[in-house]
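Here the structure is laid out as structure tokens; the discussion comes afterwards.
The values are calculated or read from the model by the stated rules, or taken from the named source; none is laboratory data. What you see is a predicted model; the values in this text were computed from it and never measured. Note that each Cβ is placed from the backbone with ideal geometry, even for glycine, and that neighbours are counted across all protein chains shown. Surface areas here come from the heavy atoms of the whole protein model, side chains and all, with no ligands, DNA or RNA. Shrake-Rupley method; radii C 1.70, N 1.55, O 1.52, S 1.80 Å.
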There are 2 protein chains.
Amino acid sequence: MTAIKETSVIQENKQYALDICPVTYVMEKIGNYWKPIILYHLSKGPIRYSEIKRAIPAITEKVLIQHLKQLESDGLVIRKAKPVVPPYVTYKLSKSGKGLMPVIDAMASWAINERAKEDKQ
Amino acid sequence: MTAIKETSVIQENKQYALDICPVTYVMEKIGNYWKPIILYHLSKGPIRYSEIKRAIPAITEKVLIQHLKQLESDGLVIRKAKPVVPPYVTYKLSKSGKGLMPVIDAMASWAINERAKEDKQ
DNA sequence: ACAAGTACTTACCCTAAAGTATGTATCTAT
DNA sequence: ATAGATACATACTTTAGGGTAAGTACTTGT
């Protein structure tokens, strides 16, 4: 969320890469350590903020909402707040977000495979 | 490549997360902006260092070799150097690396779909 | 009266990652 | 003689992301 130096050559190249490389496009949206992990936890259906928090104990609250907001503004997740007190806020995947499930699933299967290999040694 | 503060609570939590969350495991290996992009370009078969460089103009050389070395030491890519001059070095996916192709492919398809949606508007 | 839970926000700091710039050794082409 | 290509390496600086800690507003439970 910082201004981009428009004079930068690498920024021009990034724009170019974005136009032609599909993976670059993906990385601009979820290319960050936490986002796929968050999406993974959203994959099981709507989930409350506090539940995500507990599901990912290694993330700090600041970083968690920060990414949730970004995912929301990128149209990948949908926030729904019930006007009650204490607040009841759930997050779920949008249609685009659901489209990422093959990616997340592929990640999970790879991890499970690799872990199995490690254990054999 | 820096020492980890072992007293940190979040590091403990990260270890815990690694044990149970498969996506976290993946992110520890390729959870970085450039790695999936590099792997994408390696997916078409063995490729020379300079070809990768040209294929990803937005990356700096420093960052590129840095990641190639890391991917190599993580057993995801294999480096092969012909002892000629000028040097002839190729990189290709290892078996584990190839196992990531479903992830990369899923990313690419998603991106292509999303771009198509954007264009319609 | 006080703690705890809800879903955040905000200010401040720290570090890991990335960027900039330059150098190396060897060969070929102009 | 000089430039360009090869595949890096290395010192130095910048920045973006993440971590720490505290606060908010309102309610329920003890």
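Summary table below
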{"quantity": "Residues of the stretch B:72-96 classified as under 21 Å from B:Lys29 (Cβ atoms) and either within 14 Å of chain A (Cβ to nearest Cβ) or β-branched (Val, Ile, Thr) (or both), total", "calculated": "9"}
{"quantity": "Count of residues meeting criterion [hydroxyl-bearing (Ser, Thr, Tyr) and either under 24 Å from B:Glu72 (Cβ atoms) or open to solvent by less than 30 Å² (accessible area, probe 1.4 Å) (or both)] in the stretch B:95-121", "calculated": "1"}
{"quantity": "Test: A:Leu64 is more than 10 Å from chain B (Cβ to nearest Cβ) and under 20 Å from B:Glu28 (Cα atoms)", "calculated": "yes"}
{"quantity": "Total residues in the stretch A:75-93, condition within 16 Å of DNA strand C (Cβ to nearest atom), under 15 Å from the mean Cα position of the chain (by Cα) and open to solvent by less than 80 Å² (accessible area, probe 1.4 Å)", "calculated": "6"}
{"quantity": "Matching residues in the stretch B:59-73 - criterion: being within 13 Å of DNA strand C (Cβ to nearest atom) and either under 12 Å from the mean Cα position of the chain (by Cα) or assigned to a helix (DSSP H, G or I) (or both)", "calculated": "B:Glu61, B:Lys62, B:Val63, B:Leu64, B:Ile65, B:Gln66, B:His67, B:Leu68, B:Lys69, B:Gln70, B:Leu71"}
{"quantity": "Any hit, the stretch A:88-96, residues being modelled with pLDDT of 95 or more, among the small types (Gly, Ala, Ser) and in a helix (DSSP H, G or I)", "calculated": "yes"}
{"quantity": "Residue ID - nearest to the other protein chains (Cβ to nearest Cβ), chosen from residues in the stretch B:44-58 that are buried (at least 18 other Cβ atoms within 10 Å of the Cβ) and in a loop (DSSP other than H, G, I, E, B)", "calculated": "B:Ala58"}
{"quantity": "Test: residue in the stretch B:5-18 that is more than 8 Å from chain A (Cβ to nearest Cβ) and modelled with pLDDT of 90 or more", "calculated": "no"}
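Yes/no per residue for (1) basic (Lys, Arg); (2) over 22 Å from B:Val103 (Cβ atoms); (3) in contact (Cβ under 8 Å) with a residue 40 or more places away in the chain:
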| site | (1), (2), (3) |
| --- | --- |
| A:Tyr25 | no, no, no |
| A:Gly31 | no, no, no |
| A:Leu39 | no, no, yes |
| A:Ser43 | no, no, yes |
| A:Ser50 | no, yes, no |
| A:Thr60 | no, yes, no |
| A:Leu68 | no, yes, no |
| A:Glu72 | no, yes, no |
